[in-house]
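**Student:** To start, I am sharing the structure in question, which I have written as structure tokens.
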């Protein structure tokens with residue numbers, strides 16, 4: 001009896017995620033989580049302009065509770081995996097359902113941010129892996145210190161190739177956010193005509209604000225405006 005009861009929610013979850021609308025809702029919901037994270041992360045990293053003490057205190061604050069830190073890490077990892085998997089699954093379903101003769105029409109009807117969404121997603125996935133190895137674990141960082149966040153970023157963005165890669169990734173992030181935030185409203189049923197201008201404005205402001213915030217940090221260090 002217990003086994004039958006346990007099988008009901010598991011079957012419901014599998015059926016829900018197996019549907020197209022289920023994947024879209026999961027992608028939108030995980031997208032909201034990730035947008036919240038990158039926004040907060042950008043605001044925190046802007047403390048680099050306040051000097052080493054402020055940024056290092058921010059780094060210490062993030063690590064002050066091991067339990068909370070790991071809850072956040074696991075949540076973000078799950079969000080990234082589900083977001084990427086649902087996006088890939090929806091892409092495959094769209095390719096299977098759309099006849100090739102409509103390819104030209106679909107391209108004309110789409111926006112630049114939507115057309116670059118898949119390529120941008122791949123760039124962002126590569127960036128996330130590199131970023132974790134670079135400024136979180138320090139595995140690929142030339143002079144990583146677990147306590148000196150400020151020093152880590154100064155060294156990191158003194159390398160031209162790293163700076164360029166980060167800037168390309170931030171461009172991809174901006175385009176991804178622009179389309180993702182706008183489409184999330186529609187997926188979650190918040191696409192009333194009266195909200196159209198608001199969601200477009202929000203998508204633009206968030207996309208530009210977050211990507212520009214990160215980019216300013218990289219450029220300021222690369223051109224030795226801070227440090």
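Derivation of every value follows stated rules applied to the coordinates shown; laboratory data play no part. Model, not experiment: these values are computed from the prediction. Quick reminder, even Gly has a Cβ in these numbers, built from the backbone with ideal geometry, and neighbours come from all protein chains shown.
**Student:** Would you list 116, 136 from fewest to most Cβ contacts within 10 Å?
**Tutor:** Taking fewest neighbouring Cβ atoms as first place, the list is 136, 116.
**Student:** Moving to a separate point now. What length, rounded to one decimal in nm, is gained on full extension from residue 60 through to residue 212, with 0.36 nm per residue of separation minus their alpha-carbon distance? Before the final figure, lay out the partial values.
**Tutor:** Values: separation 152, 0.36 × 152 = 54.72 nm, distance 2.48 nm.
Between residue 60 and residue 212, full extension yields an extra 52.2 nm.
**Student:** Pull out the extension gain between residue 171 and residue 159, defined as 0.36 nm times the separation in residues minus the alpha carbon to alpha carbon distance; nm, one decimal. Please report the intermediate quantities before stating the final value.
**Tutor:** Details: separation 12, 0.36 × 12 = 4.32 nm, distance 1.88 nm.
Contour length minus Cα-Cα distance gives 2.4 nm.
**Student:** Sort 66, 140 by Cβ crowding within 10 Å, fewest neighbours at the top. Intermediate results must be reported in sequence, preceding the final value.
**Tutor:** Working: 66 8, 140 14.
Ascending Cβ contact count within 10 Å gives the list 66, 140.
**Student:** Cβ neighbours within 10 Å, averaged per peptide: list 67-73, 182-188, 141-147 in order, most packed at the top.
**Tutor:** Numbers: 67-73: 10.9, 182-188: 18.1, 141-147: 13.0.
Output ranking for 67-73, 182-188, 141-147: 182-188, 141-147, 67-73.
**Student:** Now for a separate question. Sort out for me the Cα centre separation of region 51-93 from region 192-227, rounded to whole Å.
**Tutor:** Here the two parts' Cα centres lie 19 Å apart.
**Student:** Turning to a different aspect of this structure: Subtracting the Cα-Cα distance from 0.36 nm times the residue separation, let me have the gained length for residue 200 to residue 136 in nm, one decimal.
**Tutor:** Working: separation 64, 0.36 × 64 = 23.04 nm, distance 3.35 nm.
Residue separation times 0.36 nm, minus the Cα-Cα distance, leaves 19.7 nm.
**Student:** Plugging the Kirkwood radius over Cα pairs into Stokes-Einstein for the chain, at a temperature of 10 °C and a viscosity of 1.306 mPa s, what D comes out in µm²/s?
**Tutor:** Details: Rh = 19.7 Å.
After rounding, the answer is 81 µm²/s.
**Student:** Which distance in nm do the two modelled labels at residue 223 and residue 67 give, with both placed 7 Å along the Cα-to-Cβ direction?
**Tutor:** 4.6
**Student:** Taking the simple approach of a point 7 Å from Cα along Cα-to-Cβ for both residue 186 and residue 112, what is their distance in nm?
**Tutor:** 1.9
**Student:** Then there's this: Once you sort the root eigenvalues of the Cα gyration tensor of region 134-227 as a ≥ b ≥ c, which label holds: rounded (a/c under 1.5), prolate (a/b larger than b/c) or oblate (the other case)? Could the numbers behind the result be given before it?
**Tutor:** Numbers: a/c = 3.33, a/b = 2.60, b/c = 1.28.
The shape class here is prolate.
**Student:** Suppose a student asked you for the relative contact order of region 2-222, using Cα pairs under 8 Å spaced at least 6 residues apart; what percent would you report?
**Tutor:** 27
**Student:** With runs of 4+ DSSP H residues as the only contributors, calculate the mean residue ellipticity of the chain at 222 nm using -39,500 (n - 2.57) per run, divided by the residue total and rounded to the nearest 500. Don't skip to the end; give the middle numbers.
**Tutor:** On the way: 10 runs with 175 residues, N = 227.
Per the formula, -26000 deg cm²/dmol.
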